[in-house]
1. Near the amide H of Thr244, under 5 Å away, which other amide H atoms are found, from residues 5 or more places off or on another chain, if H is placed in the peptide plane?
2. Applying the Karplus parametrisation 6.51 cos²θ - 1.76 cosθ + 1.60 with θ = phi - 60° to the phi angles of region 190-199, what ³J(HN,Hα) value in whole Hz is obtained for each residue in order, glycine and proline being reported as x?
3. Any chance you could run the full-extension gain for Arg262 through Ala166? It's 0.36 nm times the residue separation minus the Cα-Cα distance, nm to one decimal.
4. Whenever you get a sec, compute what percent of the accessible area on region 118-266 sits on carbon and sulfur atoms (1.4 Å probe).
5. Can you give the accessible area of His19 in Å² (nearest 10), computed on protein heavy atoms with a 1.4 Å probe?
6. Ordering Phe138, Phe271, Phe32 from largest to smallest accessible area (1.4 angstrom probe), what's the sequence?
7. Where does region 15-133 land on Rg(C-alpha)/(2.2 N^0.38 Å)?
Amino acid sequence: MPVQVRATVLTVRRVDAYHALTLVAPAIATGFRPGQFITVAVGGPETSMLGRRAFAVHDVRSDHGGTVEFVFEVVGPGTRWLAGLRARDGVDAVGPLGRPFPVPKDPSRCLLLGVGYGSAPLLALAPKLRERGCSVDFLLGGQSADRVFGAPTARRSGRSATVVTADGSLGARGGITTMLEQVIREARTEVIYACAPVPVLREVTALAGTYDIPVQALVDVAMTCGIGVCMGCVLPVTGTDGITRIIRACVDGPVFRADLVRWDDLGTIPFDAVGAPGWPRGGAKAGPGGWVPPATGDSGESYPRAGPAPRDRGAIREQEVVPPGQQSANAG
């Protein structure tokens, strides 16, 4: 169960274009499983930034006093405030939240695909997969060398690590999906875990489908509360019964079975979704909380029943929430 704690900042370090913040939070570290995230309050006790920020967890060290590390990019006042923290500062944190990555029961050849700091939660998943006897290959990408996170770690810990950058400053030149088919064939991939921007996840899902490879996708959508109250992170997902429901990424994800996510309909309410205008009153039952999870997986569940598996670049995207009339003062 998630807990709310007053966590102590251990370190804030710059990692190329990103920041890595490590908190001492043993209560969160104890219950963490790869794929889950935490939310933190930003701005201090007197701030107009009311919304919490959600971040995928990169690393947990129970043997170091119970530390939790997440990676982020400075994109607004909330993340700028986090980047300015110092050791021994206090942060209000809640976690672990969300559903973790499901892992195969039997040893499988797993490809971990991450764009930008979307690789951060995948690096936490790799040791768990190796414990199950799985082989791990990495495919990492970014706009430039400074926006590829964790390449040295991937090279040390993976059976193979392929890097692609848009400008060719590290690894091959091009988009990450340009190398995906080649890596799948060479690694003989059986399962893909992905954390990337939505357009990349859409392409990965389509290509993997041609090889009949299941994809577990950590989806990055804007979150504020992280506990299913604000309804700010909804997306259309088709259940194993064939019926589309509008679900909350924070409590029903953020990891989803990628072939069940209606990627082209994100940001909309499809006409055939439960509850949409015209949906028959005698339609399928939505179940407790409004949604029956589409074959949602938990650690240890086998494929293809394993349920849904980042986030654009690995952390749930920052969303500023400010009172009316304050937007201009907090812009940027």
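The values are calculated or read from the model by the stated rules, or taken from the named source; none is laboratory data. Since we're looking at a predicted model, the values are computed, not measured. Ligands, DNA and RNA are excluded from the accessible area calculation, which covers all protein heavy atoms including side chains. Shrake-Rupley method; radii C 1.70, N 1.55, O 1.52, S 1.80 Å.
1. Here Gly239, Val274 satisfy the definition.
2. Per residue, the Karplus-derived 3J(HN,Hα) values read 10, 9, 10, 10, 9, 9, 6, x, 3, x Hz.
3. 31.9 nm
4. Percent of accessible area from carbon and sulfur atoms in region 118-266: 49.
5. That residue has around 30 Å² of solvent-accessible surface.
6. Largest to smallest exposure gives the sequence Phe271, Phe32, Phe138.
7. Working: Rg = 15.1 Å, N = 119, 2.2 N^0.38 = 13.5 Å.
For region 15-133, the normalised Cα radius of gyration comes out at 1.12.
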